[in-house]
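> The following block contains the structure, expressed as structure tokens.
The values are calculated or read from the model by the stated rules, or taken from the named source; none is laboratory data. Being a predicted model, the structure only gives us computed values, none of them experimental. Glycine gets a Cβ as well: all are built from the backbone with ideal geometry, and neighbour counts include every protein chain shown.
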Amino acid sequence: MSELAGIRRGSLCDEVIAQLREQISSGSWPVGERIPPESELIERLQVGRGTVREAIKALAHIGLLEVRQGDGTYVKSRSELAGALRRQMRTVTDVHIQEVRRALEVEGARLAARRRTEEDLRVLADALDERDLASVGARQLGRWDESWGVPWVEADVRFHQAVVVASHNPMLIEMYLEMSGELSSAMRRFAEHEDHEPFMVRGHRTLYDAIEAGDEEAAVLEAMHNVEATLERLT
């Protein structure tokens, strides 16, 4: 975990912005949490109140921080890219989101087949097992139910996240993880449709097998199949 340090040279405000940004991007200050109060930042950074306020204002302007009057300042996003994606997703349809998902997941699967580690495979297998277990409840009940539906969606999203994380491409991972919240919401809405059967295991186990085998072509085809099946029911 990085630590804030006293500012010693260069533009004071620029250096304060850089240090605060590092706390945010590194996860030392998680999204949704309140950052240290102004008085503490002044003491730790050894700068004036005006400099700290100017830095916070700049980071709020680009969407990384949110100033809540009377409550404090909270981390809103880990990066400008993440903030822009979140704002954009509020203005588009489920089809638009799934189309972007297709682009990210297909490339993620290809790179995962090339770069995955044993730890990546373990995380993928765990998420897949959870997804399969929840699908048993789906078949038995035959309709959407919170008791199995929510765990299934969460496990499904975790599996797809793990595929992209196994790509070991930082930008691809950041973009996809920022979309995951909206993907989860879209999948819940989608799974509630009476004519939808999203609980088949086919396509996910074979994707895992392709990644494990290092077969990039098969991984791409399986990832494409998974998203195309969803898009066909949305369009």
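> Which of the residues that make up the stretch 127-169 are of a type in the set (D, E, K, R) and modelled with pLDDT under 80? Outline the logic, then answer.
Here is the first cut: in the stretch 127-169, the residues of a type in the set (D, E, K, R) are 129-132, 139, 143, 145-146, 154, 156, 158.
Passing the criteria: 139, 143, 145, 146.
> Could I ask something else about it? Anything in the stretch 1-17 that is closer than 30 Å to residue 175 by Cα and at pLDDT 85 or above? List them, or say none.
13, 14, 15, 16, 17
A quick yes/no check of all residues on (1) within 29 Å of residue 171 (Cα to Cα); (2) at pLDDT 90 or above:
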site	(1), (2)
19	yes, yes
27	yes, no
32	yes, no
40	no, yes
45	no, yes
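> Something else: Only one of these conditions is not met by residue 115: (1) at pLDDT 95 or above; (2) within 23 Å of residue 32 (Cβ to Cβ). Which number is it?
For residue 115, the exception is condition (2).
> Pick out the one residue from 114, 87, 101 that is among the basic types (Lys, Arg), without any contact (Cβ under 8 Å) to a residue 40 or more places away in the chain and either assigned by TED's automatic domain parsing to the domain that holds residue 169 or part of a helix (DSSP H, G or I) (or both). Break it down into steps so the answer makes sense when it comes.
Values: 114 fails: without any contact (Cβ under 8 Å) to a residue 40 or more places away in the chain; 101 fails: without any contact (Cβ under 8 Å) to a residue 40 or more places away in the chain.
None of the other options fit; the residue is 87.
> Just one of 46, 69 is in contact (Cβ under 8 Å) with a residue 24 or more places away in the chain, surrounded by fewer than 19 Cβ atoms within 10 Å (Cβ to Cβ) and over 30 Å from residue 166 (Cβ atoms); which is it? Can you show your working first?
Working: 69 fails: in contact (Cβ under 8 Å) with a residue 24 or more places away in the chain.
When all the criteria are applied, what remains is 46.
> Further question: How about the stretch 74-107: which of its residues are among the small types (Gly, Ala, Ser) and under 25 Å from residue 64 (Cβ atoms)? Reasoning before the result, please.
Taking the stretch 74-107 first, the residues among the small types (Gly, Ala, Ser) are 77, 79, 82-84, 103.
77, 79, 82, 83, 84 - these are the residues of the stretch 74-107 that are among the small types (Gly, Ala, Ser) and under 25 Å from residue 64 (Cβ atoms).
One line per residue, one yes/no per condition, for (1) more than 21 Å from the chain's Cα centre (by Cα); (2) not small (Gly, Ala, Ser):
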residue	(1), (2)
13	yes, yes
32	no, no
75	no, yes
83	no, no
86	no, yes
97	no, yes
101	no, yes
106	no, yes
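> Of the residues that make up the stretch 214-231, is at least one under 21 Å from residue 89 (Cβ atoms), modelled with pLDDT under 90, among the hydroxyl-bearing types (Ser, Thr, Tyr) and not in a helix (DSSP H, G or I)?
no
> Modelled with pLDDT of 80 or more, under 24 Å from residue 235 (Cα atoms) and surrounded by 16 or more Cβ atoms within 10 Å (Cβ to Cβ): which single residue out of 172, 104, 124 fits that description?
Values: 172 fails: under 24 Å from residue 235 (Cα atoms); 124 fails: under 24 Å from residue 235 (Cα atoms).
Every option except 104 fails the conditions.
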